[in-house]
Structures are given as C-alpha cells and as structure tokens.
Amino acid sequence: MDTNEVFISNIKAIDTEINDGFNILNKNYKLVELDCGCFSNLKIQNIVYDIKQYNIVGVGNLLMMVSKESTELQMLSFVITPYYKNLPLFSNDYLFMKEKRSFIIEYYDLVKDKDSQYNAYINKLKVIKDKYADLPDMKQKECWNDSLKSVCIAKRTSLDHDNDMFSIFNENLHNFIEAEQNSSILSEYNRKIKWQITKDYVDKLIDIDGVSTNVFKNTLGAETTRKFFHDVFFGIEKFKI
C-alpha cells in the first residue's frame with residue numbers, strides 16, 4: 001500500500017471500531033448525546049481531536065475522542081465510565097501510525113468491593129486476553145494506578161491484524177454488556193460511594209504525573225484538564241448524585 005492508501009485504511013479501521021461500538025450499544029441501551037461545550041474539539045500537540053460524549057442510559061458515561069485527519073497519528077479513544085453498577089472503568093485506545101497500530105484495552109477497579117460476580121467477570125476478560133496472547137505485546141511504563149488495573153491488553157501490531165483488533169474490541173464490549181445486564185443496580189448510597197471513588201481516581205490522575213494525562217496538562221494546563229476530565233472525559237459532573 002502507498003501512503004495515501006494506508007491513511008484511508010486507517011480511517012476505515014477507526015470508523016469500523018466506532019460503528020461496531022455504537023451498533024452493539026444501541027442494541028442494548030438508549031444513548032443520549034451530551035453537550036461537550038468548548039471541549040467538542042481539542043488541539044493537542046498539533047493534532048485536532050473531535051470529541052463526543054454520551055449518556056448510556058442506566059450505565060454511565062461514554063467518551064469518544066477521535067483524530068482521523070493527522071498524517072502522523074490517527075487515533076480513537078472509547079471509554080465507558082459506569083456509575084450505576086459494580087463495574088470497572090472500561091478504556092480503549094487505538095493509535096494508528098501509518099501501517100503500525102498500538103491498542104490498549106484497560107479495566108480499572110473503581111469499585112468499593114470485588115465480589116464473586118465481579119471476579120467472575122474479570123476472569124472472562126482474562127480469557128479474552130489469553131486468546132490473543134500470540135499478538136506482540138506493547139511494553140508500558142510503570143504507573144501509580146497499575147494496582148487498580150485488573151486486566152490490560154496492550155498490543156503493537158500492523159495493518160494485517162486489524163480483524164484481530166476488531167474482534168478483541170467487540171468481545172470485550174459484549175462481555176462488559178453481559179456483566180452490566182447481570183449485575184444489580186447500586187443503592188443510592190453505594191452509587192454515591194462509586195461516584196466518589198471515580199472522582200478521587202480522576203483527581204489523582206491530574207495531581208500525580210502520568211504519561212497520557214501529562215499530554216493534556218502540558219497543552220491545557222492542570223485546571224482546564226481537570227474541567228475536561230470532570231465534565232466530559234469521565235462525566236463526573238454530569239453523573240453526580
């Protein structure tokens with residue numbers, strides 16, 4: 001493939017991920033788009049990102065952050081922050097650098113307790129990770145929040161493995177939905193606890209240096225990054241009870 005063909009192929013891969021995510025979610029939930037205000041577009045390190053936020057009704061916040069037009073880095077972030085049930089934060093990042101791909105799927109234990117049902121769900125996710133063990137791993141830097149990361153699939157692949165990348169995303173999203181639908185809704189008291197755990201985690205992301213958070217802080221500053229994270233990326237202010 002020449003450079004232009006790869007560029008177009010990357011756009012198609014991003015669109016496939018977005019369409020798959022929306023199709024799967026729309027079959028199970030009502031999605032309501034939320035107003036991102038001044039954060040609907042962000043320019044970070046000379047790359048323009050389009051940002052959309054949704055209320056997955058009865059579940060929580062969906063953040064989509066997309067860059068398709070940069071010749072250096074094309075990217076999709078697809079992050080679900082649940083607020084109503086005992087579920088982890090579900091984060092997906094897909095980076096396309098010409099023919100090279102890096103993708104990271106992470107689950108963070110932003111919950112008060114990990115009961116047997118929760119652990120059974122996490123074990124299913126580990127089975128998915130093991131299924132794709134042959135794909136080359138991507139080395140990650142150590143970070144303060146590693147202890148909260150129950151499952152992480154970090155791979156560095158090429159255009160030839162796009163179908164695997166799509167499958168991993170779809171399998172993880174289906175498992176998230178299955179766990180959500182089989183879990184009991186939290187009481188108002190426990191929803192407040194989960195909200196507070198999420199807020200404390202997000203504030204710590206900003207207050208303690210981290211690779212991805214620093215990218216935002218270096219461009220936006222700490223307090224604008226905090227507002228972006230609270231209002232849009234994790235939806236803390238919009239899901240406060």
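The values are calculated or read from the model by the stated rules, or taken from the named source; none is laboratory data. This one's a predicted model, so the numbers in the text were calculated from it and none came from an experiment. With ideal geometry, Cβ positions are generated from the backbone for all residues, glycine too; neighbour counts draw on all protein chains shown. For the accessible areas, the whole protein counts, side chains as well, though only heavy atoms, and no ligand, DNA or RNA atoms are used. Shrake-Rupley method; radii C 1.70, N 1.55, O 1.52, S 1.80 Å.
Side notes on the structure shown:
- Accessible area per residue in Å² at 1.4 Å probe, computed on the stretch 82-172: 49
- On the stretch 1-135, 49 percent of the accessible area sits on carbon and sulfur atoms, based on a 1.4 Å probe.
- Of the trypsin sites (Lys or Arg not before Pro) in the stretch 181-241, those whose Cβ has at most 14 other Cβ within 10 Å and which sit in DSSP loop: Lys240
- At most 11 other Cβ within 10 Å, DSSP loop - trypsin sites (Lys or Arg not before Pro), the stretch 124-189: Lys139, Lys141
- Under Karplus coefficients 6.51, -1.76 and 1.60, residue-wise ³J(HN,Hα) of the stretch 131-145 in Hz, glycine/proline x: 4, 10, 5, 6, 5, x, 6, 9, 5, 10, 6, 5, 9, 4, 8
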